[in-house]
Amino acid sequence: MTEPTVEELRDYFSSGRTNATTNAFLSRFEIIRHAPTEGQKQRWAPEQESPQLQRIRRDNLVLPPQTQGMRRNRRRRGPEGPYNIICSTTEIAKNLQELNPSNNVFVLHPIVGDYAYPEWGEAYDDVGYTTALHNSDKGGDIISALRERFPEKQFRYSGGVPNKLMKEFYASLAVLLIPARTAVYSKTTVEAASAGVPVLAADLPGIRETGCAAEYLPVDDLDAWVEAIERYANGDQHLRNTARERYQMNKERQDQELNELILVAQTWGINART
């Protein structure tokens, strides 16, 4: 089988562009971009027998018809692994291998395009954020409180921006806020770095793993968020000067990971899923 190039894989993971070679290559893997769902956990874990089934097997009893049917249905879902999984963080990888030590798990940090705006200049003053206001797990309550503290500023939600307008969105920002209480990996953080936008974020492992230019704040210390926004809105260039540099470092890491992914597929000797 012909393997895809690093450029073809980057195109797929950053923009969804694909071809027959990339499709055939990625069909060998299970791909997850967030924490695994309960259904995925059950599918990727080794089959766990209930105490009742263990007793029946131990005592050589006949399985009840209903139980026999349930076990046949479970087997029809597909082979029991090992599964070959691509995930987005080391934390998720650890979780997947705890579910089933025979799983082959590869960490490929999320890849994004370059959001640098060609005419980006000094006319930026908006504050960006990444969560719906009703979602307290992602810091929606913090965003609501900050909007009250800065009534003169325009707060812009990244979730409502079409892809074709993302460059203009980032070009308008003085700073991007990610006050999440739970986060696996913030792809938006990498996008902001590629655009040269400072990020203020809660100090969570998944966000730190992005390796981007960010200032980390206690999520429930509202005064700390207010002070930081004021600094960057008033022209503090501390993070803005390093954001693009960090993004270039991320790109080098991504190319290295994509090269390793191609080699890993050969090492694992895996075939296409059926």
| By average Cβ neighbour count within 10 Å, what is the ranking of 228-234, 153-159, 107-113 from highest down? | 107-113, 228-234, 153-159
| Taking only pairs that are 8 or more places apart or on different chains, how many Lys pairs in segment 126-246 have Cα atoms under 23 angstrom apart? | 5
| At q = 0.11, 0.16, 0.17, 0.27 Å⁻¹, what base-10 log of I(q)/I(0) does the Debye formula yield for segment 179-261 when every alpha carbon is treated as an equal point scatterer in vacuo? | -0.31, -0.62, -0.69, -1.33
| request: Highest first, please rank the peptides 208-215, 135-142 by the mean number of other Cβ atoms sitting within 10 Å of their residues. | output: 208-215, 135-142
| field | Nonlocal amide H pairs with ARG156, under 5 Å, H built at 1.01 Å | value | VAL127, GLY128, TYR129
| request: Using the Kirkwood radius over Cα pairs, work out the Stokes-Einstein diffusion coefficient for segment 173-222 at 4 °C and 1.567 mPa s, in µm²/s as a whole number. | output: 122 µm²/s
| query | Once amide H atoms are placed 1.01 Å from N in the peptide plane, what residues at a sequence separation of 5 or more from ILE86, or on another chain, have their amide H within under 5 Å of its amide H? | reply | GLU30, ILE31, ILE32, PHE106
| Whole number please: convex hull volume per residue of the Cα set in segment 126-246, in Å³? | 90 Å³
| Roughly how many nanometres apart are two label points built 7 Å out from the Cα toward the Cβ at GLN256 and HIS238? | 2.7 nm
| query | Which peptide among 168-174, 92-98 comes first, and what is the full order, when sorted by highest mean count of other Cβ atoms within 10 Å? | reply | 168-174, 92-98
| Using modelled amide H (1.01 Å from N, peptide plane; none on Pro or chain starts), what sits under 5 Å from the amide H of LEU217, excluding residues fewer than 5 places away? | ALA201, ALA202, ASP203
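All of the numbers you see were taken from the coordinates with simple rules; none came from a lab. For clarity, every value in this text was computed on a predicted model and none was experimentally measured. Here Cβ is always computed from backbone atoms with ideal geometry, including for glycine, and neighbour counts include all displayed protein chains.
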